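Scroll down for the structure; my scribbles are underneath it.
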Amino acid sequence: MPDALLLIAAVSLPFIGAIIAGLLPTHARNAAAWLAGATTLVGLALVWAAYPTVAAGGVVRHASEWMPTLGLDFSLRMDGFAWLFAGMVSGVGGLVVVYARYYMAAEDPVPRFFAFLLAFMGSMTGMVLSGNLIQLVFFWEMTSLFSFLLIGYWHHTAAARDGARMALTVTATGGLCLFAGVLILGHIVGSYDLDRVLASGDLIRSHPLYLPALVLILLGALTKSAQFPFHFWLPHAMAAPTPVSAYLHSATLVKAGVFLMARLWPVMSGTEEWFWIVGSAGLATLLLGAYIAIFQHDLKGLLAYSTISHLGLITLLLGLNSELAMVAAIFHIINHAAFKASLFMAVGIIDHETGTRDIRRLSGLNRSMPFTARLALVAAAAMAGVPLLNGFLSKEMFFAEALSAQASSALFISVLPFAAMLASAFSVAYSLRFIHGAFFGPDPVGLPHTPHEPPAWMRFPVEILVLACIIIGVLPAAAVGPYLDMAAHSALGATTPEYSLAVWHGFNRPLMMSLTAMAVGFVLYLALQRHLLRGIDGPPVIRGLEGRRMFERTMVFLSWRLARTLEGLFGTRRLQPQLRLVVCVAIVAAALTVYIRVPGPGNLTPSDIDPVLALVWAIGAACALGTAWQAKFHRLAALILLGGTGLVVCVTFVWFSAPDLALTQLLVEVVTTVLLLLGLRWLPKRFDVPGSRASEAITMTRRLRDLAIAVTAGAGMAALAFSVMTRFPPELLAQHFLERAYSEGGGTNVVNVILVDFRGFDTLGEITVLGAVALTVYALLRRFRPAPDSVDIPEQQRDQSAYDIARPDRREGDTVADWLLIPAVLTRLLFPVICVVALFLLLRGHDLPGGGFSAGLTASIAIIIQYMVGGTQWAEARLRISPLRWIGVGLLLATGTGLAAWLFGRPFLTSYFAYADLPIIGEIPTASALIFDIGVFALVVGATVLMLIAIAHQSVRGHRATPRIVGTYPAPAKVPAPVPQQVPAGED
């Protein structure tokens, strides 16, 4: 397989596996596990297949044009550093999958879990392999989204919901800052391509915008890697299942921030700003996380704060502006992934087999779980930095860099070695507490479950990771040397320093610091164990500085106090003031833009006014004025007049030879009028309450104010449109599309070719927004309750309804449409006819007026008519619409059409066309844009019908709330036969 295809497969395979896993039944536990395991195994094989190229110093690249005019491509890039991270993502992910198969409970929806896990894996792989900064930010935010779903997997618990929301809020906010920083960085370099950015270090550091770009990018990185002061979200993410914690907080999510800092280290480091921001955040996080970890009673909480501390160590190394420190940081990234993933899994085993993670309830598990105890002992020793284990080597490199660091601040440099020793002593203390508290001492009493060893395959991933800790610790040069050297050279290039991975460097200062830290940590643990650890809740001294409390207070201030204040100033439950504010802001924004640009009068002479067109527009203006006059109390009349204005616009399009626009306008008027009519049905009645003269005067003033705003907005838009249309000959723009519509787009209908080809990316975005709007309307109306005075049947229908019930010839189950025979029959006969018309408009749209949007609206009208005549229950008993599937299929078809162009080496959404001669039908265009148009058609049908169903179901809800006659009549009551009466002679 070519190296470029390896990259595509490595990124896309997890997403494909996630989709398949999401489609599996809830109880398909084993199938989902096998699928996830196979996906990660193949992904790891794909990464290894690229090793020969990157090991030789090469870079595997693949680029597909996305929007070449904007310099945006879908670019994948794998060098040694990216290869190392991609291998960790797939390798640790495969072990987590095996572990999760035995950890997850039988009642958990395991396929959903593996779907989220694989989607997160794909997002993380896409991020580390991105060769474009904008693309990197996209995958960055996807990792935040899927980590939110994973952390909140047990969403029935409040802790999971709160932890997921906190993680998403912090990391996604940092992602927005990162996006802004990347935009500035791309502006400095002139490109978002990672290769060009990495080659522009001097330009970036000397640019006036360097500091804003640095601060924004570091905000994204520090929030993601839980660095001070953003560290508080990670411990609360421990509400996730333990496999999630083992994966996200050892090798993936929290490593994204340090990955980004290391990725951009060659071009953004080396300055005082980098040193103080990155170094200070890393040092504070290193000490704070290690100190708090000592006093945690939850084993996962202890590991969470230790993770924060070790991430601080890596961040501090990256902030020292030293190439050797950069190498040490990469080395510790590898080591931390190994021992921290194994420790999380060991904690999961303890929780799974005993029913608790509270270290105060645990003791003596070494006798009932000896194998797990030994594995956890080795992993914890590696975390503490015990010799002959991997953690010791990277910690010794850290001590060496702390001793040799250079900076303008003598105080910082003099304090750094002591701070490093203190943090190392803390790590020894919490590692001792982890091992001694859980596995040694008397037998536990009162545990929820009797402790015992887990299944062998559940312990297997821990064994692999612990074995890696030992092998790297004993044979570092052979075990990890080539991979570390490859990653360091790809990240540093020619400036890669000489370094040694030998286990023994003699009795030097780093070794003495390490031994001293171990001794101090041991003594510290003994002192705390006797007097403090079991009797306190939270770390002394800084107990009140709880990040969660600060976060919650901030969120309360933003969502309650500030929001309530703004709502009191600008908010109202009435729609009219909200619209007034929106229109006024739009007027001001447009006026400022016009004032700054000063367009002035156009250079074209206006044509004469046609009297017939002027009469048509006079009718439209009268309808618009009538709509405004009747809108408050006579909604039906206002809606009819509004439709009249729409028809005038439709006639105007026909007048100016724009049949596509006229057809679309006509169909939009029909659909929106019906949907508005159905929506108005459920609004409460409005009554004109007479008031005093003063109130009438105030009302008149408000109306005059609204009239002035409306006239200003309308006159401004008219003036702006007139200025644009008289500025340059429209033939210049039209000629460009007329000449290229058939030769490049394969169609003679220029409007449709523009929509599905020249501006296809815009159309894709518009239909995506349309689908999101439909889902939003449906979600809002699910909680909507009709007004009480709109639930009962209208008075004008009661007499007729009562007469229909009393009819002796009426059958049970008859509907209103059964009694309105002619309209019912006509609508049912028209349904296939309208659908054929929709298909006709769809197929001809590339050459003649029509297209996917018009065809979708036409098909929607066919369905709307069935609802209107037959009623909701009758229509849904006979039509299987599934609008959500229509929306999903439409988006997949439209996006898939664009992606298919990449298979032929063309930019995204590049179309191909030809003509097929079909029997009877004749020649039809077979352009790839037709598939895109079918996607537009499907999404328009799905979105329109979904909104229709959301409105139509209000009638069913009202019927359930209040017994009344809606659509289907109940069985007729027994009506006694009339008693014959004698009629006087001569009377009829």
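What about Ser206, is it in contact with a helix residue (DSSP H, G or I) (Cβ under 8 Å, 6 or more places away or on another chain) and modelled with pLDDT of 90 or more?
Spelling it out, it is not the case that Ser206 is in contact with a helix residue (DSSP H, G or I) (Cβ under 8 Å, 6 or more places away or on another chain) and modelled with pLDDT of 90 or more.
Within the group Thr171, Thr125, Thr157, Thr143, which residue is in contact (Cβ under 8 Å) with a residue 60 or more places away in the chain, of a type in the set (Val, Ile, Thr) and surrounded by fewer than 18 Cβ atoms within 10 Å (Cβ to Cβ)?
Working: Thr171 fails: surrounded by fewer than 18 Cβ atoms within 10 Å (Cβ to Cβ); Thr125 fails: surrounded by fewer than 18 Cβ atoms within 10 Å (Cβ to Cβ); Thr143 fails: surrounded by fewer than 18 Cβ atoms within 10 Å (Cβ to Cβ).
Sole residue among the options that is in contact (Cβ under 8 Å) with a residue 60 or more places away in the chain, of a type in the set (Val, Ile, Thr) and surrounded by fewer than 18 Cβ atoms within 10 Å (Cβ to Cβ): Thr157.
Being touching a Gly at 6+ places or on another chain (Cβ under 7 Å) and among the β-branched types (Val, Ile, Thr) narrows it down to one residue among Val278, Val244, Val258; which is it? Reasoning before the result, please.
Numbers: Val244 fails: touching a Gly at 6+ places or on another chain (Cβ under 7 Å); Val258 fails: touching a Gly at 6+ places or on another chain (Cβ under 7 Å).
The unique qualifying residue is Val278.
For Gly348, indicate whether it is in the same structural domain as Glu396 (by TED's automatic domain parsing), within 28 Å of Met104 (Cβ to Cβ) and at pLDDT below 90.
no
Only residues in the stretch 868-889 that are not assigned by TED's automatic domain parsing to the domain that holds Gly679 count as the first member; pair them with residues that are loosely packed, with under 15 Cβ neighbours inside 10 Å and outside any helix (DSSP H, G or I), Cβ under 9 angstrom, at least 6 apart or cross-chain, and list the lot.
Once the first residue is not assigned by TED's automatic domain parsing to the domain that holds Gly679 and sits in the stretch 868-889, its partners that are loosely packed, with under 15 Cβ neighbours inside 10 Å and outside any helix (DSSP H, G or I) give Val869/Leu820.
Please work out if Gly679 is modelled with pLDDT under 85, surrounded by fewer than 14 Cβ atoms within 10 Å (Cβ to Cβ) and outside the structural domain of Trp886 (by TED's automatic domain parsing).
The answer is no for Gly679.
Of the residues Leu641, Leu636, Leu604, which is in the same structural domain as Leu680 (by TED's automatic domain parsing) and surrounded by 14 or more Cβ atoms within 10 Å (Cβ to Cβ)?
Leu641
Six or more apart or on different chains, Cβ atoms under 7 Å: show the pairs whose first residue is in the stretch 554-573 and farther than 21 Å from Pro229 by Cβ and whose second is of a type outside the set (Ser, Thr, Tyr).
Once the first residue is farther than 21 Å from Pro229 by Cβ and sits in the stretch 554-573, its partners that are of a type outside the set (Ser, Thr, Tyr) give Phe570/Leu581; Thr572/Gln578.
Scanning the stretch 499-531 for residues that are of a type outside the set (A, V, I, L, M) and not in a helix (DSSP H, G or I), which turns out surrounded by the most Cβ atoms within 10 Å (Cβ to Cβ)? Let's see the steps before the verdict.
In the first step, residues of the stretch 499-531 are kept if they are of a type outside the set (A, V, I, L, M); the result is 499-500, 504-510, 514, 516, 521-522, 525, 529-531.
In the following step, the residues that additionally are not in a helix (DSSP H, G or I) were identified as 499-500, 504-508.
Details: Tyr499: 17, Ser500: 10, Trp504: 7, His505: 12, Gly506: 6, Phe507: 8, Asn508: 13.
Here the answer is Tyr499.
For Ile330, are the conditions met, namely being within 30 Å of Trp276 (Cβ to Cβ) and free of Cβ contacts under 8 Å to residues at least 12 places away in the same chain?
Criteria not met by Ile330.
Could you tell me whether any residue of the stretch 903-920 is in a helix (DSSP H, G or I), farther than 26 Å from Val833 by Cα and of a type outside the set (Lys, Arg)?
Yes, the conditions are met somewhere in the stretch 903-920.
Hey, could you check the stretch 860-886 for residues that are under 31 Å from the mean Cα position of the chain (by Cα) and aliphatic (A, V, I, L, M) and say which is surrounded by the fewest Cβ atoms within 10 Å (Cβ to Cβ)?
Leu884
Need pairs with beta-carbon distance below 8 Å; first residue more than 19 Å from Pro907 (Cβ to Cβ) and within the stretch 748-777, second acidic (Asp, Glu) and surrounded by fewer than 22 Cβ atoms within 10 Å (Cβ to Cβ); sequence gap 6+ or separate chains.
Thr748/Asp847; Asn749/Asp660; Asn749/Asp847; Val751/Asp660; Asn752/Asp660
Every residue in the stretch 101-116 that is under 24 Å from the mean Cα position of the chain (by Cα) and among the aliphatic types (A, V, I, L, M), please.
Scanning the stretch 101-116 gives Val110, Ala115.
Mind checking which residues of the stretch 396-410 are at pLDDT below 75 and either touching a strand residue (DSSP E or B) at 6+ places or on another chain (Cβ under 7 Å) or not aliphatic (A, V, I, L, M) (or both)?
Gln406, Ser408, Ser409
Scan the stretch 587-598 and report the pairs whose first residue is surrounded by 10 or more Cβ atoms within 10 Å (Cβ to Cβ) and whose second residue is at pLDDT 90 or above and aliphatic (A, V, I, L, M), with Cβ atoms within less than 6 Å and a gap of 6+ or a chain change.
Ile587/Ala713
Could you tell me which numbered condition Ala221 fails, if it satisfies all but one of (1) within 25 Å of Gly71 (Cα to Cα); (2) buried (at least 23 other Cβ atoms within 10 Å of the Cβ); (3) in contact (Cβ under 8 Å) with a residue 60 or more places away in the chain?
For Ala221, the failing item is (3).
Answer yes or no: is there a residue in the stretch 375-395 that is touching a strand residue (DSSP E or B) at 6+ places or on another chain (Cβ under 8 Å), at pLDDT below 95 and surrounded by fewer than 20 Cβ atoms within 10 Å (Cβ to Cβ).
no
Using beta carbons and a limit of 7 Å, which pairs, at least six apart or on different chains, have the first residue in the stretch 429-452 and among the β-branched types (Val, Ile, Thr) and the second one surrounded by 22 or more Cβ atoms within 10 Å (Cβ to Cβ)?
That search, which allows pairs on different chains as well, returns Ile435/Ala376; Ile435/Ala380.
The values are calculated or read from the model by the stated rules, or taken from the named source; none is laboratory data. As the structure is a computational prediction, the values presented were derived from the model and not from experiment. FYI the Cβ positions are ideal-geometry reconstructions off the backbone, even for glycines, and counts take in every protein chain you see.
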